[in-house]
Amino acid sequence: QVQVVESGGGLVQPGGSARLSCVVSGSISSILTMGWYRRGPGKARELVGVISTSGSANLADSVKDRFTISRDNVKNTVDLQMNNLTPEDTAVYYCSAITLSGGYWGQGTQVTVSS
């Protein structure tokens, strides 16, 4: 059994920052890619960013100048630092982990950017 658990998020004012964290635990084989996706109100789920085991990261064009993604391969965690947030960043953020035995998703954490 694999668990993917996100934390962080909540209500943030425009221009503010937030940090999301995700930990993967359980009967996991090697974790390959870890990443974050989001689904805004009335929108499809979209990629925010992914990071490989070597630390090579790719972020969506809409966030690459404001967000950073990092991971700890020992702790099996991936973090998303979000700066200069706008209302368009309001979404449920999902953590994903691709392992040798399959892909896994967290339940999501809500980020609301509003004054």
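Taking only the stretch 30-61 into account, find how many residues are within 16 Å of Ala18 (Cβ to Cβ) and small (Gly, Ala, Ser).
Within the stretch 30-61, residues that are within 16 Å of Ala18 (Cβ to Cβ) and small (Gly, Ala, Ser) number 2.
Output the qualifying pairs, or none if there are none: Cβ atoms under 7 angstrom, residues six or more apart or on different chains, first residue in the stretch 92-105 and closer than 26 Å to Ala18 by Cα and at pLDDT 95 or above, second residue open to solvent by less than 60 Å² (accessible area, probe 1.4 Å) and in a loop (DSSP other than H, G, I, E, B).
That search, which allows pairs on different chains as well, returns Val92/Gly108; Tyr93/Gly9; Tyr93/Gly108; Tyr94/Gly106; Tyr94/Gly108; Cys95/Gly106.
Conditions tested, residue by residue: (1) in contact with a Gly (Cβ under 9 Å, 6 or more places away or on another chain); (2) modelled with pLDDT of 95 or more; (3) of a type in the set (A, V, I, L, M).
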| position | (1), (2), (3) |
| --- | --- |
| Val2 | yes, no, yes |
| Val5 | yes, yes, yes |
| Gly10 | no, yes, no |
| Gln13 | no, yes, no |
| Lys43 | no, yes, no |
| Ala60 | yes, yes, yes |
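Which of the residues spanning the stretch 28-73 are open to solvent by 80 Å² or more (accessible area, probe 1.4 Å), under 19 Å from Gly108 (Cβ atoms) and small (Gly, Ala, Ser)?
The one that is open to solvent by 80 Å² or more (accessible area, probe 1.4 Å), under 19 Å from Gly108 (Cβ atoms) and small (Gly, Ala, Ser): Gly42.
May I ask you to verify whether Val78 is open to solvent by less than 70 Å² (accessible area, probe 1.4 Å) and within 25 Å of Gly15 (Cβ to Cβ)?
When the stated conditions are applied, Val78 passes them.
Name the residue that is most open to solvent (accessible area, probe 1.4 Å), counting only residues in the stretch 93-115 that are β-branched (Val, Ile, Thr) and over 10 Å from the mean Cα position of the chain (by Cα).
Ile98
The values are calculated or read from the model by the stated rules, or taken from the named source; none is laboratory data. The structure presented is a predicted model; accordingly, all values stated were derived computationally and were not measured. Here the Cβ is made from the backbone with ideal geometry for all residues, glycine too, and neighbour counts use every protein chain on show. Surface areas here come from the heavy atoms of the whole protein model, side chains and all, with no ligands, DNA or RNA. Shrake-Rupley method; radii C 1.70, N 1.55, O 1.52, S 1.80 Å.
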